[in-house]
Amino acid sequence: MIRMLAVVAAIALAAILALAAFEPDEFRVQRSTTINAPAAKVFPLIDDFRRWTAWSPFEKMDPTMRRTYGATTAGKGATYAWEGDGKAGAGRMEIAESTAPSRVGIVLDFEKPIANRARATFTLSPHGDATLVTWTMESPNRYLVKVMHLFFDAEQIVGDDFARGLADLKAAAEKS
């Protein structure tokens with residue numbers, strides 16, 4: 001009986017590992033919203049890490065999260081690090097590209113719960129008096145992450161966070 005359970009477990013593990021091999025090599029999530037404000041008003045909310053507390057969904061994940069801002073908090077070269085005891089994990093961000101008022105590119109280095117490097121990009125496109133804001137994140141899909149993706153829909157989870165963040169960005173930008 002134990003031998004049969006071991007064989008079944010080995011077959012199940014082999015199937016999981018084989019299925020994971022067919023997962024994409026890159027993880028990508030993207031969400032957009034239209035904000036009834038000019039790009040020049042929206043851009044500073046994204047380009048300055050100190051202003052993320054007003055809209056970023058990740059700022060609300062862990063009330064005990066500790067934040068460390070670099071000497072520069074806005075524009076190219078700005079840095080921000082976080083460490084939380086809960087869902088927020090730990091990591092660091094740096095603005096690698098800042099083209100006012102149309103684009104902010106960020107390099108994210110996640111340390112916990114899983115070490116990984118990702119790229120996030122915010123593009124702002126004028127549409128009359130409004131601005132279409134698109135938030136995209138891309139990262140390599142390492143094998144362990146591919147296995148995890150078999151059990152939960154990371155694109156949906158992160159996408160839902162992005163949608164909440166964009167809704168809060170919209171509210172913050174449309175104020176006043």
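Only the coordinates and a few stated rules stand behind these numbers; no lab work does. This structure is a prediction, so every number in the text was calculated from the model and none was measured. Ideal geometry is used to build each Cβ from the backbone, glycine not excepted, and the neighbour counts take in all protein chains shown.
Averaging the sequence gap over all C-alpha pairs within less than 8 Å and six or more residues apart, then dividing by the number of residues, gives the chain a relative contact order of 30 percent. Of the trypsin sites (Lys or Arg not before Pro) found in the range 74-141, those that fall in a DSSP loop while having at most 15 other beta-carbon atoms within 10 Å are Lys76, Lys87. Each of [x] 100, 27, 22; [y] 70, 34, 25; [z] 70, 36, 35 is a candidate for Cα extents along the principal axes in Å; the one calculated from this structure is [y]. Only one residue of Leu166, Thr99, Thr64 has its Cα farthest out toward the positive end of the dipole of the chain, where Lys and Arg carry +1 and Asp and Glu -1 on Cβ, and that residue is Thr64. FRET efficiency for the Phe110 to Ala14 pair, using the beta carbon distance and R₀ = 25 Å, is estimated at 0.30. Amide H to amide H, with H built 1.01 Å from N, Asn141 comes under 5 Å of Glu26, Phe27, counting only residues 5 or more places away or on other chains.
Place a +1 charge on the Cβ of each Lys and Arg in the chain and a -1 charge on the Cβ of each Asp and Glu, then give the dipole magnitude about the Cα centre in debye, rounded to the nearest 20.
180 debye
Could you work out how far helix 2-21 tilts from the main Cα principal axis of the chain, as a 0 to 90 degree angle to the nearest 10? Roughly 30 degrees between the two axes.
A straight Cα-to-Cα reach below 13 Å connects Lys87 with the aspartates and glutamates Glu59, Asp62, Glu111, Asp161, residues fewer than 8 places away in its own chain not being considered.
Exceeding 25 Å between C-alpha atoms, which entries from my cross-link table qualify? They are Lys112/Lys175; Lys112/Lys170; Lys60/Lys112; Lys76/Lys170.
Cα-Cα > 25 Å for Lys112/Lys175; Lys112/Lys170; rest within.
In the chain, the longest principal axis of the Cα atoms and the axis of helix 154-174 are about 10 degrees apart. Take the Cα of Glu155, step 7 Å toward its Cβ, do the same at Lys87, and the gap between the two points is 2.2 nm.
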